[in-house]
C-alpha cells in the first residue's frame with residue numbers, strides 16, 4: 001500500500017502514512033457495513049487484502065481503538081465496537097454540553113463564507129438517499145461539526161469533541177439506513193436536525209443558538225434512538 005495524501009479541514013494537503021491509509025480502509029468498511037458491530041477483525045485476512053504486514057495493520061487498529069470504533073478483548077482478539085442505548089445516552093451527556101459551548105462561540109463569530117460552507121454541507125446531506133451514499137452522509141456530517149468547532153476557535157474544545165463524538169457519528173448510522181422501512185424518515189430527521197443547528201448559528205446570538213441546538217439535538221436523539229435526555233440537565237446556561 002503506497003502513501004497518499006489527504007485534505008484536512010484547513011484545505012492543506014498532508015501525506016498519509018501506510019497505517020493511516022489502512023485505518024481509513026477499515027473505517028470505510030465499518031461505515032459501509034462491510035464490517036458490522038461485533039465482527040472480529042481477522043488480522044491475516046486484512047493484512048493480505050491491504051498488502052501490509054500485521055504489525056502495520058495493528059498500528060491502524062490501534063488508531064481505530066482510540067477512536068472507539070474497535071475494542072480489543074484480551075485473549076480473544078479485536079472486534080468492531082457495539083454501542084448500546086446506555087452508551088449513546090452517556091456519550092450524549094458529555095458531548096451535548098461541550099458542543100453547546102462551541103455552538104455559542106461559533107454563532108458569535110460566524111462569517112458569511114463559513115455560513116455558506118455549512119449550508120452546502122447540509123444540502124449535500126439532504127441529497128444522499130441511497131445506501132451507497134451512507135459514507136458521504138457521514139463525511140458531510142463530521143465536516144459540518146468540525147467546521148463549527150473550528151469556528152469556535154478553541155482547539156482544546158475541538159480535541160475533546162473529536163475524541164467523544166467520532167464513534168457516535170459512525171455507529172449512529174451504521175446498519176440503520178440500509179433501505180429498511182423508515183430509513184428515509186430517519187435520514188430526513190437527521191438532515192432537519194442539522195438545518196436547525198444552522199438556523200441557530202445564523203442568529204449570530206450565542207445564547208439563542210445554544211438553545212436551538214439543545215432542543216433540536218435532544219429531541220432528535222430521544223425520538224430516533226429512544227434516549228431520555230433532558231435539555232435542562234445538560235446545559236444550565238441555556
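Since every read-out is calculated from the coordinates, none of them should be taken as a lab result. The shown structure was predicted, so the numbers you read here are calculated from the model rather than taken from an experiment. As a convention, Cβ positions derive from the backbone with ideal geometry for all residues, glycine included, and neighbour counts pool all protein chains shown.
The table that follows gives values for the structure above.
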read-out	value
Fluctuation leader among 77, 206, 153 - the chain, Gaussian network, Cα springs under 10 angstrom	77
Protection proxy ranking, peptides 102-115, 80-93, 18-31, average beta carbon neighbours within 10 Å, highest first	18-31, 102-115, 80-93
Segment residue 82-residue 48, extension gain: residue separation times 0.36 nm, minus the distance between their alpha carbons	9.7 nm
Between 0 and 90°, nearest 10: helix 85-109 axis offset from the chain longest Cα axis	50
Value of D in µm² per second that Stokes-Einstein yields for segment 85-234, Kirkwood Rh from Cα pairs, at 10 °C (1.306 mPa s)	103
Folded to 0 to 90 degrees: helix 155-171 orientation relative to the chain principal axis, Cα	70
The chain: angle of helix 183-202 to the longest principal axis, Cα-based, in degrees nearest 10	50
Theoretical gain in end-to-end length, residue 90 to residue 135 [0.36 nm per residue, Cα-Cα removed]	13.7 nm
Whole-angstrom gap from segment 97-127 to segment 49-64, using each part's C-alpha centre	35
Helix-derived mean residue ellipticity, 222 nm - over the chain, DSSP H n ≥ 4, -39500 (n - 2.57), to 500	-21500 deg cm²/dmol
Order by protection proxy (mean Cβ within 10 Å, highest first), peptides 189-195, 140-146	140-146, 189-195
